[in-house]
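The values are calculated or read from the model by the stated rules, or taken from the named source; none is laboratory data. A quick note: this is a predicted structure, and the numbers were derived from the prediction, not measured. Don't worry about glycine lacking a Cβ; one is built from the backbone with ideal geometry, like all the others, and counts go over all protein chains shown.
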Amino acid sequence: MRRCPYLEELVLDRRALLRMYRFDCHVDHQSKRKYSITDSPPICVRNFEDCHLYQSEKRREDRTISRYTD
């Protein structure tokens, strides 16, 4: 399973029927929580290419790299 390169921490807490995912994003420097009944991890694990934070950080890094290679 691929994960977002900017994902710092991912913790799964199970309490009865509820699953709580806690994760930290390196891009916005915030901790987030996602609650779910079924096994549905956050976008950082499922399909991180669709995350707007990932896309913006990737573009920023690509601009920096292309600036040094030109």
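Taking the conditions (1) exposed (fewer than 12 other Cβ atoms within 10 Å of the Cβ); (2) modelled with pLDDT under 90 in turn, residue 3 satisfies each one other than (1).
Here is a check on your reading of the model: is residue 35 free of Cβ contacts under 8 Å to residues at least 40 places away in the same chain, under 27 Å from residue 14 (Cα atoms) and of a type in the set (Phe, Trp, Tyr)? For residue 35, the condition - free of Cβ contacts under 8 Å to residues at least 40 places away in the same chain, under 27 Å from residue 14 (Cα atoms) and of a type in the set (Phe, Trp, Tyr) - is met. Among the residues of the range 49-57, none qualifies, meaning not one is at pLDDT below 90 and exposed (fewer than 10 other Cβ atoms within 10 Å of the Cβ). Taking every residue in the range 50-70 that is within 28 Å of residue 23 (Cα to Cα) and pairing it with any residue that is in a helix (DSSP H, G or I), at least 6 positions away or on another chain, the pairs with Cβ-Cβ distances below 7 Å are 50/43; 51/43; 51/44; 54/48.
Filtered by the rule that a residue be surrounded by 11 or more Cβ atoms within 10 Å (Cβ to Cβ) and either at positive phi or among the acidic types (Asp, Glu) (or both), the range 14-33 gives 24, 28.
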